[in-house]
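Since every read-out is calculated from the coordinates, none of them should be taken as a lab result. What you are looking at is a predicted structure, and each value in this text was computed from that prediction instead of being measured. Backbone-built Cβ (ideal geometry, glycine too); neighbour counts: all protein chains shown.
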Amino acid sequence: MEKSLKAALLPWIPWLRGPGPASARNVLDKHAIIDGFDNALERGKKYAEPFLHYQFRPFSDELYSAILKYLPEDRFFIELLHGDAMRPDGTSSRLVLPIQKKMISGLDRESYDFWLELSAIMCAPELRDIFKARLESGLRRRFECSLEQIPAIPKLMLVRDFSSYKINIHHDIDWKTITTQYYLPCSDGQRHLGTAIYMRKPDGEFVQTHKIDFLPGNAYCFAVSDNSWHAVEPVGEIPRPRNSMMLIYFRDEGHDY
């Protein structure tokens, strides 16, 4: 009876299935991925103004291809009920999928294993410490404790934006410590849909300094502070969703996105 029950449950409970195919696991080398982040930040573009942030490309071609391959269907995501993302009909132009067991349990075995393992790697303390070290001067705007004591609880999620999406100029809510985002387009046709960076003048006016191009594998990171102003201009009508992945470090528990 016990064996037959387990067999009946296997299609529905991915973590009973055992490890996925080797093809998915080959690109998920923890040390290679974390070293790739460190090297990409070293080679990437560092901006000191208007606030400290980096533009970098952390993923190998093989890993990036795997990420695109395993992107889930819309039905696995949930709507982000944020004022800037809401359409007139009450639906949201942004969907999110926190990479947590309970949220991705409906995925097929191969996809489930891939996302769970990638999340474990990207949420590792080694990567957190790399971001802290790179963004130390930005973190010091908010925190007076030692770098090791600065709270940074990692959560990984997938993000999918549709036509009419926008988010107004903001510096991120203060329960976030570090924001990182990884663009996941399949081509360079969405270059213009990237995050815009702003400087706030003494009179309160915002001036756009540059934009992080929405190109395959492009990424950015910054420490959340009172001057980390950024936005996404209205995307208008887009033929394909604006896919990305976000790794957010939170100040405390209780936040998924």
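Other residues within the sphere of radius under 13 Å centred on the Cβ of G138, judged by their own Cβ, net out at +3 (K and R +1, D and E -1).
Taking a straight Cα-Cα cut-off under 26 Å and skipping sequence neighbours fewer than 8 places away in the same chain, the lysines within cross-link reach of K46 are K30, K132, K155, K166, K176, K201, K211. Computed on the stretch 20-250, with alpha-carbon pairs under 8 angstrom and 6+ residues apart, the relative contact order is 25 percent. For the stretch 138-150, backbone phi angles converted through the Karplus equation (6.51, -1.76, 1.60; θ = phi - 60°) give residue-by-residue couplings of x, 5, 5, 5, 10, 10, 9, 7, 5, 4, 5, 8, 5 Hz, Gly and Pro being listed as x.
Among L184, L193, the order by Cβ neighbours within 10 angstrom, fewest to most, reads L193, L184.
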